[in-house]
1. For the subset of the range 106-145 comprising residues that are surrounded by fewer than 14 Cβ atoms within 10 Å (Cβ to Cβ) and within 24 Å of the chain's Cα centre (by Cα), which member is nearest to GLY227 (Cα to Cα)?
2. Have a look at GLN32, GLN19, GLN62, GLN78 and point out the one that is within 18 Å of VAL317 (Cβ to Cβ) and of a type outside the set (D, E, K, R).
3. For the range 283-336, which fully contained strands (runs of 3 or more DSSP E) count at least 2 residues that are touching a residue at least 24 places away in the same chain (Cβ under 8 Å) and crowded, with 22+ Cβ neighbours inside 10 Å?
4. Go through the range 143-176 and give me each residue that's of a type in the set (D, E, K, R) and at pLDDT 95 or above.
5. Cβ-Cβ below 6 Å, separation at least six or inter-chain, first residue in the range 23-40 and farther than 14 Å from SER59 by Cα and at pLDDT below 95, second not aromatic (Phe, Trp, Tyr) and not in a loop (DSSP other than H, G, I, E, B): which pairs?
6. I'd like the residue in the range 206-245 that is outside any strand (DSSP E or B) and among the acidic types (Asp, Glu) and, out of all such residues, is surrounded by the most Cβ atoms within 10 Å (Cβ to Cβ).
7. Consider the range 273-318. How many of its residues are over 13 Å from SER263 (Cα atoms), within 19 Å of the chain's Cα centre (by Cα) and not hydroxyl-bearing (Ser, Thr, Tyr)?
Amino acid sequence: MRTIFLFAFICMTFATRAQWTYKGLGGILTHQLTIENDTVFASTSNGLYKKYIFSNDTSWQQVSFNGTEVLNTLFLDQNECLLLVSTDPMLHKAVLYKSTNRGVSSSLFLPDTVYYGYPNLAHMAKSLNGKDTIYLLSHGKKTYNGGQSWQPLAPLGQYAGGNFVYVNPKKTSEVFTGGENMIFAASLERSTDYGQNWAGVDCSSVFAGDNAFEVMHIVGDYWYASGEGIVVKKHKDSTTWVQLLNVYSNPVWALYMFGFDFSPANDHYMYVSGDSYDNDKLKLLKSSTQGATWDSASYTMPGQTRYGVNDLKVQHVWGEDRVWMGGFGVFTYGQGVPPPLSVPGTGKGDLEAKLYPNPAKDVLNISIPGAKSNNVTIAIMDVLGVMIWEGNSSNGKVTIPVEGWATGSYIIRLNTYEKQQVLRFIKQ
């Protein structure tokens, strides 16, 4: 009974939390947000920035390329990354750099100066089972050996109007590129052999005005795409796209849906935003039913004169989706999502933390053998959900003085980006 009560309490606590937070970078334009372990990177009009993902302030650390426009950042592993850097924003020209130290320093990876489309869309993708297979839409090239040699990505002209490149997360040989064709309709190309051969996907059922595909996701057997005014889906074996959302006739909401993502904890939760003609508020459309129904949320920050979202990424922390949105500033929106029953936390695994003594009278010790770094965030609440103590671990261990606390039960939440855990202790 106590276990059921604890789970229900956690669900209610986080399902009711929904709030906007300004995260900084208001003076520059963010093109793309990249979440890598416990750090969020912002590719901006003034270089590459980073921020600890659990930080509550608005400060960012500039990593590199001060004064230069960084369009995309693609991490190949936890240290190596590619950066698409503009050489002429007016003419949409860019070159590709590679870094082996998370963007701090980098060297020219490809000498080609190429044209790029929307600066915020995904011009690069990699095979998810390694870092050797890389696709560069802007360059029209692919490599299977980490860049030692390159091949053409497709025959000349096949990718005219291509907006993004995307790799199926469950089938690394399947690659897509999407955009808009010459009759202003959404287009999609698909390869099932690592980009060697391509075939067009029937998108005739998508048309609802001037359309384009700008972001794509695959969840189970379904393909999802967002673009100009629409979110659609189709079964992988079907030729018909089903329209989930159409705001084409209502420019108060995002006409150009550049930001689209799913909850990492529950794929029924979807979030979409973008840029529109009306930028007096930051706008977000969200669904908890995989697009069958939608709710809207908006936010106005004093002193902000321009809104619009260029990229959207979702991070899940202890029952809450944190929706990161980058445009003229970076913002987050908290959406409560009940954790799954199958794991004690809501992330990718358990931290294997241990409490002693429990019950505790004077001090509570926490040992965290499952932590790979010192960045373990700890929060302790009473049974009413009131925050009693917050802090971080030190070398996987922490001692908390509890002598003056009220007698009773307390809930402890521990999390890193990859692992989380919920525990309970008794104060004597």
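1. In this case the residue turns out to be LEU128.
2. Numbers: GLN32 fails: within 18 Å of VAL317 (Cβ to Cβ); GLN62 fails: within 18 Å of VAL317 (Cβ to Cβ); GLN78 fails: within 18 Å of VAL317 (Cβ to Cβ).
Going through GLN32, GLN19, GLN62, GLN78 in turn, just one is within 18 Å of VAL317 (Cβ to Cβ) and of a type outside the set (D, E, K, R): GLN19.
3. Fully inside the range 283-336 and qualifying: 309-317, 320-336.
4. Here is the first cut: in the range 143-176, the ones of a type in the set (D, E, K, R) are 170-171, 174.
GLU174 - this is the single residue of the range 143-176 that is of a type in the set (D, E, K, R) and at pLDDT 95 or above.
5. Correct list of pairs: ILE35/LYS313; ILE35/GLN315.
6. So the first thing to find is which residues in the range 206-245 are outside any strand (DSSP E or B), and the list is 206-212, 220-221, 229, 236-241.
Imposing the further condition that a residue be among the acidic types (Asp, Glu) reduces the set to 210, 221, 237.
On the way: ASP210: 15, ASP221: 11, ASP237: 6.
Result: ASP210.
7. Going through the range 273-318 one residue at a time, the tally reaches 11.
The values are calculated or read from the model by the stated rules, or taken from the named source; none is laboratory data. Note that this is a predicted model, so its numbers are computed, not measured. Heads up, the Cβs are rebuilt from the backbone with ideal geometry, glycines too, and the neighbour counts pull from every protein chain shown.
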